[in-house]
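Here the structure is laid out as structure tokens; the discussion comes afterwards.
The values are calculated or read from the model by the stated rules, or taken from the named source; none is laboratory data. No experiment lies behind these values; they were computed from the predicted model shown. Cβ atoms come from the backbone with ideal geometry, glycine included; neighbour counts cover every protein chain shown.
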Ligand SMILES: Cc1ncc(COP(=O)(O)O)c(C=O)c1O
């Protein structure tokens, strides 16, 4: 057969070049997750496919817990549902002792449905409808107050039910080097948070049990968390001194970096993400500001999201077409796009072939399947020659993708969890057209 014509082009090869930090890593294929072959999973469950390692979830959880428990006597991890609320992921963490951290009535119900006792739920977020507040109050959940109107809403439920709601005040505060997330909670420096505490204490209808802050996400400098911890600790001292209220917990939220590489970041995320131990050192140093007898130190609550779960998942995709762009750059069209990998807007995701490949790597742009210009998973990544049907594996995709994915143009694929001893199971089945159509109704006049 006559070979197909391919337009000639001159391509600058970058792989293996030195930079001031040494030689670039060579691409090794990613073929297995905990001993289970990705190719077998894709054959059975289709492509694209999210694959989650339960072993990695558990080991990251233990690493986080131990890093803090070594430095602080009482530590609680509350799993941040919005980061990944696939039931099997949440259950894995709950079995290891995690409480739940939720930010909506939907997430609250999901946690209850997974068997989390209501009094082991921290409820954050700016939107808390009255009926959901009532369920949380009746269940004894910890409601983190976001705004002054919420105080009135919660007190109304207290009056109606005759119960004493358990609350925390969410505080936003300034730390060097991090833009303030001042839209959530009440500001510390301006005195807003202090006024809220005075108001709560004077109202005497709720039990003020804790303080909360979440300074931001993917914070690469652990001293930022240390500053926040010190400020919360000093505020707790003040509340004790002025109102005689002993807080049972201080919640530092989430915000630790995962090993992903931010767009525009020169070094790889694996080189820059601080260890849990470094965050723990900094936070526990800050908490040393607490002026309390050892027996009374509050529980340190962590709502770590992406740093716990990112590493545990990969997304396997398949090359659907190959292209040469007008500027000579090679392009691949994949069956997974930003509809599944929302985080591709912020990260240069680590991606590797799932099979041995030969030939010189060359800069390649990775497009998804959407008929949308924004559907680009990598602008330029050095990859060896790839053919139709070859697989690519995106690593560190466990956080925010299985919750922020879009049902847009395409259906969402299956999610598989790999357990111990080579077991694997579908933990979220692939969507079908019928699933989506089942939400719709046809008005009588169009039938
Ligand atoms: C209140 C709260 N807690 C925890 C998290 C988890 O954050 P991260 O994934 O940065 O650890 C978030 C995320 O934005 C949050 O808003």
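Can you say whether residue 36 is touching a residue at least 12 places away in the same chain (Cβ under 8 Å), assigned by TED's automatic domain parsing to the domain that holds residue 411, crowded, with 20+ Cβ neighbours inside 10 Å and within 21 Å of residue 419 (Cβ to Cβ), as far as the supplied structure shows? So residue 36 does not fit the description; no. Taking the range 232-327 as the region of interest, the helices (runs of 4 or more DSSP H) fully inside it that hold 2 or more residues being within 16 Å of the ligand (Cβ to nearest atom) and within 24 Å of residue 142 (Cβ to Cβ) are 276-287, 306-309. Taking the listed residues 402, 360, 406, the one that is more than 28 Å from the chain's Cα centre (by Cα) and in the same structural domain as residue 335 (by TED's automatic domain parsing) is 360, with no other qualifying. Residue count for the range 85-131 satisfying the condition of being on the phi > 0 side of the Ramachandran plot and either within 11 Å of the ligand (Cβ to nearest atom) or not in a loop (DSSP other than H, G, I, E, B) (or both): 1.
The residue of the range 83-121 that is nearest to residue 52 (Cα to Cα), among those that are surrounded by fewer than 19 Cβ atoms within 10 Å (Cβ to Cβ) and in contact with a helix residue (DSSP H, G or I) (Cβ under 7 Å, 6 or more places away or on another chain), is 96.
The criterion of being more than 18 Å from residue 402 (Cα to Cα), modelled with pLDDT of 95 or more and away from the ligand (no atom under 16 Å from the Cβ) holds for residue 140.
Among the residues examined, residue 164 does not qualify as surrounded by 14 or more Cβ atoms within 10 Å (Cβ to Cβ) and either more than 16 Å from the ligand (Cβ to nearest atom) or under 28 Å from residue 140 (Cβ atoms) (or both). When residue 321 is tested against the conditions (1) crowded, with 16+ Cβ neighbours inside 10 Å; (2) closer than 30 Å to residue 4 by Cα, the lone failure is (1).
Considering the range 371-404, and only residues there that are surrounded by 20 or more Cβ atoms within 10 Å (Cβ to Cβ) and touching a helix residue (DSSP H, G or I) at 6+ places or on another chain (Cβ under 6 Å), the residue that is nearest to residue 29 (Cα to Cα) turns out to be 396.
Taking the range 374-387 on its own, how many of its residues are assigned to a loop (DSSP other than H, G, I, E, B), touching a residue at least 40 places away in the same chain (Cβ under 8 Å) and closer than 27 Å to residue 312 by Cβ?
2
Of the residues making up the range 170-183, those that are within 13 Å of the ligand (Cβ to nearest atom) and crowded, with 16+ Cβ neighbours inside 10 Å number 5.
Determine if the range 329-343 includes at least one residue that is within 19 Å of the chain's Cα centre (by Cα), surrounded by fewer than 15 Cβ atoms within 10 Å (Cβ to Cβ) and either away from the ligand (no atom under 16 Å from the Cβ) or not assigned by TED's automatic domain parsing to the domain that holds residue 391 (or both). Looking for residues that are within 19 Å of the chain's Cα centre (by Cα), surrounded by fewer than 15 Cβ atoms within 10 Å (Cβ to Cβ) and either away from the ligand (no atom under 16 Å from the Cβ) or not assigned by TED's automatic domain parsing to the domain that holds residue 391 (or both), one finds none in the range 329-343, hence no.
Rundown of residues vs (1) in a helix (DSSP H, G or I); (2) crowded, with 21+ Cβ neighbours inside 10 Å; (3) within 16 Å of the ligand (Cβ to nearest atom), yes/no style:
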{"site": "205", "(1), (2), (3)": "no, no, no"}
{"site": "210", "(1), (2), (3)": "no, yes, yes"}
{"site": "223", "(1), (2), (3)": "yes, no, no"}
{"site": "228", "(1), (2), (3)": "yes, yes, yes"}
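A residue that is closer than 17 Å to residue 168 by Cβ, in contact with a strand residue (DSSP E or B) (Cβ under 7 Å, 6 or more places away or on another chain) and modelled with pLDDT of 95 or more occurs nowhere in the range 256-266.
Looking at this structure, is residue 198 within 15 Å of the ligand (Cβ to nearest atom) and either part of a strand (DSSP E or B) or farther than 25 Å from residue 309 by Cβ (or both)? Explain how you work it out, then say what you get.
Details: within 15 Å of the ligand (Cβ to nearest atom): no; either part of a strand (DSSP E or B) or farther than 25 Å from residue 309 by Cβ (or both): yes.
So residue 198 fails the test.
Which of the following residues is at pLDDT 95 or above and within 22 Å of residue 216 (Cβ to Cβ): 116, 157, 175, 167?
175
Of all positions in the range 359-373, at least one carries a residue that is at pLDDT below 95, at negative phi and assigned to a loop (DSSP other than H, G, I, E, B).
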